[in-house]
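Heads up, the thing below is written out as structure tokens.
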Ligand code: GLU
């Protein structure tokens, strides 16, 4: 079986041109390396996810000319597989954590730990302390990483090394945590090439490490520079016309949006009509612009 790339949106809002551009890059890299290309709906956050939004996201990706191989993966249908991975790690590799977000943020960290890294507060509690804490708060479950160091080599960022913290595997509402679900779903769907926005670069050493612990090879990683607004912040819905529906309301069709994305990737010139197949012919990963695409006032 050949490997696969994927695009894995969270269906919490319509895709904007930054998301669409990352999806285009993921498709180009997967298809130009002979891979299948999968779509995975990351809907574990039930309160923020909507099937209608997922359907619109898929329609937008298809409108740009991306295609996907079957099956379509839906994270919320795979809870048993996520739980099985926790079981496979074994009880000695995990521990319950009763900390609130605030306690984690305020705790003193060991030197060299990145912001947001868990300082290990609940790692060595006695059974008696656990029983008491459990009555106060339902626990999350963390992995015991033992201060492991992990390097991943990103296609565009080069080697990234980090000390893996005791990150969350299962949230305290029982939902599998993002890092666990991504690793299990990528591995079990045959994904060996991960392309996504570079806001997730920091998560990749954790994920590569966890894959290894579960007996899977880590995928290759490529983190794409984000699209920023005029203030240098990550593009968001409030930044003007940024979704296909908003742009269509301004008379800009999906074909024109694809041209603008292709220009930002230095794969087309102003006003030039392009298809995904043509972009695939022109695509050279070594030439991906490394600086963010800055959009002031949306795409219009
Ligand atoms: N679902 C995540 C997002 O929409 C992406 C996760 C991933 O690609 O690993 O930001």
> What number goes with the only condition from (1) surrounded by fewer than 17 Cβ atoms within 10 Å (Cβ to Cβ); (2) more than 20 Å from residue 179 (Cα to Cα); (3) touching a residue at least 40 places away in the same chain (Cβ under 8 Å) that residue 124 does not pass?
Replying inline: (3)
> Does residue 192 fit the bill of being in contact with a strand residue (DSSP E or B) (Cβ under 9 Å, 6 or more places away or on another chain) and either buried (at least 19 other Cβ atoms within 10 Å of the Cβ) or modelled with pLDDT of 95 or more (or both)?
Replying inline: yes
> Somewhere in region 10-31, is a residue surrounded by fewer than 19 Cβ atoms within 10 Å (Cβ to Cβ) and free of Cβ contacts under 8 Å to residues at least 12 places away in the same chain?
Replying inline: no
>> What's the total number of residues in region 195-236 that are more than 14 Å from the ligand (Cβ to nearest atom) and at pLDDT below 95?
In response: 7
> List, please: which pairs have Cβ atoms under 6 Å, are six or more places apart or on different chains, and start with a residue in region 156-169 that is surrounded by fewer than 17 Cβ atoms within 10 Å (Cβ to Cβ) and end with one that is modelled with pLDDT of 95 or more and part of a loop (DSSP other than H, G, I, E, B)?
Replying inline: none
> Does residue 38 satisfy the criteria of being buried (at least 22 other Cβ atoms within 10 Å of the Cβ), touching a residue at least 60 places away in the same chain (Cβ under 8 Å) and closer than 17 Å to residue 224 by Cβ?
Replying inline: no
> Would you call residue 196 under 20 Å from residue 36 (Cβ atoms) and within 13 Å of the chain's Cα centre (by Cα)?
Replying inline: yes
>> Show the residue pairs meeting these rules: Cβ distance below 6 Å; 6+ apart or different chains; first residue within region 186-213 and under 15 Å from residue 151 (Cα atoms) and touching a residue at least 40 places away in the same chain (Cβ under 8 Å); second residue within 11 Å of the ligand (Cβ to nearest atom) and not in a strand (DSSP E or B).
In response: 206/179; 210/183
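The values are calculated or read from the model by the stated rules, or taken from the named source; none is laboratory data. Only a predicted model underlies this, so the values are computations on that prediction, with no experimental measurement involved. When we count neighbours, we look across all protein chains shown, and the Cβ atoms used for this are built from the backbone with ideal geometry, even at glycine.
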